[in-house]
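The values are calculated or read from the model by the stated rules, or taken from the named source; none is laboratory data. None of these values were measured; they are calculated from a predicted model. Using ideal geometry, Cβ is built from the backbone for each residue, glycine included, and neighbour counts are taken over all protein chains shown.
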């Protein structure tokens, strides 16, 4: 009874979309393992709207988007176990099976076996320690997501005078949320000269409420013993170093940190999967298969997304490919081309494409390394140009999704390169 | 007169340019990639509206996520939130159920965005 | 009327309480914070030193060696994490090599076994990550690492189970000497006692000044540390010290008993007894100096930084003696190797108490204490049995450190239990991992709130709840 065709680790948007797609493709013997006590993952605390325009063609809030997928999971009779945490994923020696060790009150500590595994564990926030902000360590310093959980799911009132470091989307969303909760948000400080959040969030979360966004600024000291009393914010130079004499004191009882997300790949590493240091996620093929056969990865554990719609789409592909692996196997006979990140491109997902497994439409997703205006995105293979697309503006905070048709790719001989061409330079 | 603004209808955040006449009426909109962008620019420059999302407490003080069923006038946001703040709702609720009627006299209802038992 | 009142529930105060509970004495510990182990004891290098460093004939030397010898058995009986991982002192300059021999000689004089000098190449064979600059090293087999929170808690809980009273959130505000002993004024009322042990850490000078006009100087010395992810914990297996270099007194790199990598501390004398902020300069110094010892320290894997204050006495040695006021005993200036010496300091304090009060053996003394069951340390069968009995152990709250709800509930519900987030963290390690409580703090906060009957936003990270200090007004 502990044998499955497919185990899906994580019941957030990625895991649910992967499960629904795998089930549709004919995999009946599957199970979602979710560590929280409800399906939906981080969407449950994202009570704001802006989700689902691609997937459902309407604007939903996070909980609505989650509930729609949870309903699909339930309607299709896909089994899921809540309050169940996966402790380890391992290859089984001399077999193509994977051993997945889980813990729950119901099962105790148990090992389940599966032909295929989809990794959909999501990501976590970069904590204060990793940011190396000096100062004291009083109460009142939270990562933005933790604050979001406390406010939206626990109903906690966490502060009245707020400073936010980092202009990631969660930080921006929390600036508005705290304002609506009756707090005053004094400023959002961002180390980089551009925001790492979506433009719409700057408009509707900061501009609407007159909250200043201080670009090229950072928190240089934190004051307060038991409770936070205030922070010093200083301007930074082009090397992101604080400029002497520019620091200003902001009295506050709450400091929220929104300084980036890190894919949660401890299980992935434990499974012996090769990690791409640029994304901190697995390195995957066009089928979203990792370096370990039969182990797939999708959603924020693969690379941090800004749109849940992209997560769902990507994860559905992972589910379909896992089904294919289980039912007929993935063709490994053909040529595999590397997908290389060229000028201005930080990484690509996938990082390799095997020509036998092309879909009618193939996605290449990436982020740029800086802000680019009036440039062209180019995909090429040797001398051959596969795609050229003009873009008025490209920013690191917005993932780019390129779609390449099968016939463009199927006869290629050379590795593929994705780069930004700076027009007129 | 040309006004520049960022569309907030979806995460694409299109950079819009709206041409206005002397009376502040929108003559044309450009830069949008869909019809929603044009509609947004027209409403934003004449009568801006926002969907409000927040939580309302159940009778046992559990926060339940809610939203305004339709966008409300921007200047009414705080009144709507204030109105919701003092309500205590009965459980269970289903996603989409109206939990507060006619919030702050905007004529717009507040609906639950998650089913809670 | 207590026989002995100990002021301060750090490692020295708690060890003394435990030691005194072996006798038929009424003992009380008063602590200004809401938990034990809130001062110097919680933020240090967590090393049980072998004892080769302190000068011959000092209390530091004598009590360090003794404490280090007592540690293995204490750890077993009182159920706290301790590991003899060994240590090395690195030499980077051939001209300094004789200093290693001096240390070896001092070790012999102090009665420390298992110490030898090796060449740079031999050192690198033992610890492959050591820098190429190392030209010689002292190896000390008996050096160890410990969990200082667990150790302090173990002493406190053992004292508690043997009848010692703990008054937490109780700030001593004044002391009056009278014919029977002392009246100690606190934020929660007066306490009568025959004898006082002043174990108030960086505040020992202030407590001393409440009864004596003789000067006792304590300087807080700030030490900043960087703690790295467990992924970096196996970079070295021993604690790596440095001989002092041109850059000043060296800093150490060590695995922690829980498998993280720790680098630090800086040494900076300051005035403010509460200033435990980290500074950019301090953390930069830790990085620069630790890189002299060990190659490729992954500073990208830093999960947190912290500062500890050492209570540096003005005599250069521990100040452990009855003061000029009869019945008032100082246990002051307990800087490094204070953690290592704590159980020996406690015995020494007992001898001093014995000169004032008659000591009669407590035949009911319980010599063992069971700590919180650390789920990950159990075998799979034991884990399953525990979950069957207590389903809360099947629910992981802290994902990074795999801490279960069962452990957190135990930490909150046991006697002298945690009332703050930091208290839970120190007892269970929930929130001590790479996400630094991002995921688990809301759950932990709601469990604490439930136990204390307060709202979740009123759960403190650390410190004293306002209601706790108000109790004396009621």
Do we have residue A:377 as away from chain B (no Cβ under 14 Å), under 30 Å from residue A:30 (Cβ atoms) and touching a strand residue (DSSP E or B) at 6+ places or on another chain (Cβ under 8 Å) here? no
Where residue A:128 falls short, out of the listed (1) within 20 Å of residue C:280 (Cα to Cα); (2) over 22 Å from the mean Cα position of the chain (by Cα); (3) crowded, with 21+ Cβ neighbours inside 10 Å: (2)
Positions within segment A:77-109 being buried (at least 20 other Cβ atoms within 10 Å of the Cβ) and outside any loop (DSSP other than H, G, I, E, B), in sequence order: A:85, A:86, A:89, A:98, A:100, A:102, A:103, A:104, A:109
Could you pull out the residue among C:160, C:168 that is more than 23 Å from residue C:44 (Cβ to Cβ), surrounded by fewer than 24 Cβ atoms within 10 Å (Cβ to Cβ) and within 21 Å of the chain's Cα centre (by Cα)? C:160
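Report yes if some residue within segment A:109-116 is at pLDDT below 95 and touching a strand residue (DSSP E or B) at 6+ places or on another chain (Cβ under 8 Å); otherwise report no.
no
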All but one of (1) part of a strand (DSSP E or B); (2) over 16 Å from residue C:342 (Cβ atoms) hold for residue C:32; which doesn't? (1)
Select from segment A:383-421 the residues that are within 14 Å of chain B (Cβ to nearest Cβ) and touching a helix residue (DSSP H, G or I) at 6+ places or on another chain (Cβ under 7 Å) and write down the one among them that is surrounded by the fewest Cβ atoms within 10 Å (Cβ to Cβ). A:401
Go through the residues of segment A:200-222 one by one and say whether even a single one is more than 10 Å from chain B (Cβ to nearest Cβ), out of contact with any strand residue (DSSP E or B) (no Cβ under 6 Å at 6 or more places or on another chain) and touching a residue at least 24 places away in the same chain (Cβ under 8 Å). no
Here are the criteria: (1) within 14 Å of chain C (Cβ to nearest Cβ); (2) more than 30 Å from residue A:255 (Cβ to Cβ). Tell me which single one residue A:100 does not satisfy. (1)
Among C:45, C:41, which is within 28 Å of residue C:276 (Cα to Cα) and in a helix (DSSP H, G or I)? C:41
Taking segment C:257-278 as the region of interest, how many residues are touching a helix residue (DSSP H, G or I) at 6+ places or on another chain (Cβ under 9 Å) and either within 12 Å of chain A (Cβ to nearest Cβ) or in a loop (DSSP other than H, G, I, E, B) (or both)? 8
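Could you pull out every one of the strands (runs of 3 or more DSSP E) wholly within segment A:207-252 that has 3 or more residues that are under 29 Å from the mean Cα position of the chain (by Cα)?
A:213-215, A:217-223
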Heads up, the helices (runs of 4 or more DSSP H) in segment C:350-467 (entirely inside) with at least 1 residues that are away from chain A (no Cβ under 11 Å), touching a helix residue (DSSP H, G or I) at 6+ places or on another chain (Cβ under 9 Å) and farther than 26 Å from residue A:227 by Cβ are C:405-413
Quick test for you: out of A:283, A:287, A:315, pick the one residue that is under 22 Å from the mean Cα position of the chain (by Cα), touching a residue at least 40 places away in the same chain (Cβ under 8 Å) and more than 30 Å from residue A:127 (Cβ to Cβ). A:287
Taking residue A:29 and the conditions (1) surrounded by fewer than 24 Cβ atoms within 10 Å (Cβ to Cβ); (2) modelled with pLDDT of 95 or more; (3) over 22 Å from residue A:317 (Cβ atoms), which numbered condition does it fall short on, given that it satisfies the others? (3)
Verdict on residue A:135 being modelled with pLDDT of 95 or more and more than 12 Å from residue A:33 (Cβ to Cβ): no
On the basis of being more than 8 Å from chain A (Cβ to nearest Cβ), within 15 Å of the chain's Cα centre (by Cα) and within 30 Å of residue A:157 (Cβ to Cβ), does residue B:70 make the cut? yes
Looking at B:113, B:51, can you tell me which residue is closer than 23 Å to residue A:201 by Cα and surrounded by 20 or more Cβ atoms within 10 Å (Cβ to Cβ)? B:113
Of everything in segment A:1-18 that's touching a strand residue (DSSP E or B) at 6+ places or on another chain (Cβ under 6 Å) and under 18 Å from residue A:71 (Cα atoms), which residue is surrounded by the fewest Cβ atoms within 10 Å (Cβ to Cβ)? A:11
Which residue out of C:68, C:41 is under 30 Å from residue C:171 (Cβ atoms), buried (at least 22 other Cβ atoms within 10 Å of the Cβ) and at pLDDT 95 or above? C:41
I'd like the full set of residues that are within 14 Å of another protein chain (Cβ to nearest Cβ), over 20 Å from residue A:127 (Cα atoms) and in contact with a strand residue (DSSP E or B) (Cβ under 6 Å, 6 or more places away or on another chain), limited to segment A:153-167. A:155
When segment A:113-123 is examined, which residues are found to be crowded, with 22+ Cβ neighbours inside 10 Å and part of a strand (DSSP E or B)? A:114, A:116, A:117, A:118, A:119, A:123
For segment B:39-54, does any single residue satisfy the condition of being within 27 Å of residue A:71 (Cβ to Cβ) and in a strand (DSSP E or B)? yes
Return the residues of segment A:60-76 that are touching a helix residue (DSSP H, G or I) at 6+ places or on another chain (Cβ under 6 Å) and surrounded by 20 or more Cβ atoms within 10 Å (Cβ to Cβ); say none if nothing qualifies. A:62, A:63, A:65, A:66, A:69, A:73
For segment C:66-83, which positions are over 16 Å from residue C:15 (Cβ atoms) and touching a helix residue (DSSP H, G or I) at 6+ places or on another chain (Cβ under 7 Å)? C:81
Looking only at strands (runs of 3 or more DSSP E) that lie completely in segment A:275-371, which have at least 1 residues being more than 22 Å from residue A:420 (Cβ to Cβ)? A:295-297, A:336-341, A:352-354, A:361-368
